[in-house]
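The values are calculated or read from the model by the stated rules, or taken from the named source; none is laboratory data. What you see is a predicted model; the values in this text were computed from it and never measured. All Cβ positions, even for glycine, are placed from backbone atoms using ideal geometry, and neighbour counts span all protein chains on display. Protein only, heavy atoms only, side chains kept; ligands, DNA and RNA dropped before computing areas. Shrake-Rupley method; radii C 1.70, N 1.55, O 1.52, S 1.80 Å.
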Amino acid sequence: MSHTPSIDVLIAGAGPVGLSAAAELRRRGVRCRLVDRLPARLLYAKAVGIQPRTLEIWDRMGLARAVLEAAVPMRGQLIYVNGREQARIELELPPEVPYGFAALPQYETERLLEEYVRGLGTPIERSTELLSFTQDADGVTARLMNASGGAEEVRTRYLIGCDGAHSAVRKGLGLSFEGGAFAEEYMLADVEADWDFPPGYGVRSMHVTDDGATDDLLVCIPLPGAGRYRMSMLVPPELSSQATDQATDQGSEQTGGVAHGLRGGRVPELSHIQAVADRMAPSSTTLSNMRWSSVFRISHRIVDRYADGRVFVAGDAAHIHPPTGAQGMNTGIQDACNLAWKLALVISGEAGPALLASYDAERRPVGEEVVGRTVRHATHGIQADPDDPRTIMLREAQLLVGYRDGPLADSPYGPTDAPQPGDRAPDCAGLTVPIAAYPLRLLDILRGRTGHALVLYTAEAADLAEAADAAGVLRMTGSSPDTSDGPDLDTGLQTIAVLAREAAPTDPGALAVPGYRDAAGEFARLYRPEGPTGFLVRPDGYLGARFPLADTKAALSSYRAALSAPA
């Protein structure tokens with residue numbers, strides 16, 4: 001058995017979640033290995049929906065443009081019941097939200113993430129399976145097997161299981177995976193349709209019996225390509241894995257009593273898909289060019305905890321649920337991003353190990369909510385959601401995910417309905433500097449940053465010097481840098497000033513920190529500061545603190561203490 005030098009993090013599973021974890025860790029300088037038991041990406045469009053919140057995360061990484069060039073917009077959904085149009089849902093968001101909904105096959109998402117991670121120096125180690133692991137106070141010893149059957153022992157500081165619903169990491173930790181399964185089985189197929197529905201709209205067509213039960217179903221999600229859709233529908237008896245008893249684990253998630261995802265057995269043919277379209281399509285259509293098809297099952301489960309010591313689970317390894325609303329992959333990507341910046345700070349010694357406990361505290365409630373909501377929507381439809389349409393749409397976009405009750409959320413300051421610690425830091429437009437002939441968004445300013453960002457808002461430039469000194473930021477005097485004393489959150493801390501639109505004309509270059517003018521008043525409208533106010537934005541785009549500018553030192557010291565708490 002060979003032995004490798006110690007690494008910082010071993011990631012098992014190179015789907016979108018594992019790739020996201022590797023991307024966020026590598027761009028912060030953390031040494032990673034990323035292994036996957038599959039020899040190549042599966043060319044199945046298992047997850048296709050990209051939520052606006054995920055695009056914001058990818059914007060921070062510098063990946064959003066590549067995704068926008070590959071994806072197609074999701075503009076809405078047409079709903080038919082018994083052949084008649086019942087509703088037309090428009091996927092509209094407030095104008096300050098920078099991105100809309102998109103559709104992209106999972107294998108394309110994986111390709112873009114894989115290219116990004118490889119560019120950071122970490123390729124996927126394919127045909128490499130995690131067999132077992134043990135952990136102690138100083139690290140984790142993992143046993144791997146490669147394609148040739150050779151065994152390797154790896155010593156790593158931390159292990160992340162992003163290895164799906166059949167997760168070897170979850171089983172190795174002995175985590176429970178409570179939940180249930182839907183009795184129905186479904187067919188999936190990637191086909192082209194020659195109908196004339198408006199581009200960017202999904203189609204959901206149901207047949208409902210007199211007693212209100214749905215006994216036939218066709219769901220179509222647009223994909224890149226002319227007339228191309230991923231279609232799902234109830235499986236006919238002759239293809240049921242229950243009838244044929246040929247269900248196998250296809251690398252998709254059916255082992256150890258968990259039946260979820262693509263199944264083995266007889267593969268649906270185009271004629272099976274066409275037969276459902278003939279019955280259920282609102283408009284006559286001929287299907288063609290089927291790229292792939294499969295049968296799949298749906299379970300809904302969640303672990304009892306997301307971490308145990310130095311080992312973590314994320315994505316489908318931690319939670320599985322119906323695909324309603326395209327929540328699964330996007331929730332897993334947010335798991336990975338939440339965990340990665342915390343691991344990076346702990347590994348660098350800039351935060352205490354107790355910070356890692358906030359991963360479970362913040363993300364498990366999100367997983368519970370998503371599992372419960374998607375089961376309700378799959379059973380009763382999104383129309384059964386009691387909230388107003390705007391709230392429903394923001395929640396589906398994952399823009400309402402927050403951690404106000406989490407261990408890192410400082411005390412609220414200002415209006416309670418304004419963005420507070422634990423809330424998503426809204427993007428805003430209309431920030432200007434004299435040199436640029438165009439306004440910037442807050443996302444433009446934060447793009448590529450890996451650490452915390454401190455935003456100082458004021459109408460008086462004189463307020464900034466004292467707050468900047470208190471923050472201990474890097475200041476330039478001539479050509480010599482001068483760093484004042486203060487609580488250094490991490491080496492990536494960026495401090496910027498936002499001047500109110502009514503502030504006296506000031507050259508931003510003369511400020512103690514980089515400065516922008518809130519020329520459109522968008523920052524003030526969205527953040528609702530009460531006088532000079534500071535906002536600390538976490539590396540994952542959530543607010544860590546909100547405070548009067550005069551209290552900058554105390555607020556940052558309090559937040560720093562939370563990060564540095566002992567285990």
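Rounded, prolate or oblate: which fits the range 272-359 when a ≥ b ≥ c are the square roots of the eigenvalues of the alpha-carbon gyration tensor, with rounded for a/c under 1.5 and prolate only if a/b beats b/c? Prolate is the answer for the range 272-359, as a/c is 1.5 or above and a/b outweighs b/c. Put 416, 324 in order of accessible area, highest first, and with a 1.4 Å probe you get 416, 324. Computed packing ranks the peptides 462-470, 147-155 as 462-470, 147-155, most packed first, by mean other Cβ atoms within 10 Å.
If DNA, RNA and ligands are ignored and the probe is 1.4 Å, what is the ranking of 369, 56 by accessible area, most exposed first?
I get 369, 56, largest accessible area first.
Farthest towards the positive end of the charge dipole of the chain, among the residues 226, 168, 333, is the Cα of 168, using unit charges on the Cβ of Lys, Arg, Asp and Glu. Bridging of residue 46 to lysines at a Cα separation below 27 Å is possible for 171, once same-chain residues fewer than 8 apart are set aside. According to the square roots a ≥ b ≥ c of the eigenvalues of the Cα gyration tensor, what is the shape class of the range 1-132, taking rounded for a/c under 1.5, prolate for a/b larger than b/c otherwise, and oblate for the remainder? In terms of gyration-tensor shape, prolate.
Other residues with beta-carbon under 13 Å from the beta-carbon of residue 151 carry, at +1 per Lys or Arg and -1 per Asp or Glu, a net charge of -2.
Long hydrophobic helices in the chain, taken as whole DSSP H segments with a C-alpha length of 24 Å or more on their own axis and mean Kyte-Doolittle hydropathy at least -0.5: 328-348.
Under the criterion of Cα pairs below 8 Å and six or more residues apart, the relative contact order for the chain equals 15 percent. Ordered by solvent-accessible area of protein heavy atoms (1.4 Å probe), largest first, the residues 502, 96 come out as 502, 96.
Using the empirical formula 2.2 N^0.38 Å as the baseline, the Cα radius of gyration of the range 348-454 reaches a ratio of 1.38. Rounded to the nearest 20, the Cβ-based charge dipole of the range 1-72 about its Cα centre (Lys and Arg +1, Asp and Glu -1) stands at 120 debye.
Hey, any idea what % of the chain's accessible area is carbon plus sulfur with a 1.4 Å probe? The partial results should precede the final answer.
Numbers: 11440 of 22630 Å².
Of all accessible area on the chain, carbon and sulfur atoms account for 51 percent.
The aspartates and glutamates within cross-link reach of residue 553, meaning a Cα-to-Cα straight distance under 16 Å and a gap of 8 or more places when in the same chain, are 410, 463, 466, 469, 485, 488, 490.
When the range 11-59 is described by a simple charge dipole with +1 on each Lys and Arg Cβ and -1 on each Asp and Glu Cβ, the residue from 21, 32, 52 located farthest towards its positive end is 32. Most tightly packed first, judged by the mean number of other beta-carbon atoms within 10 Å of their residues, the peptides 223-232, 85-94 read 223-232, 85-94.
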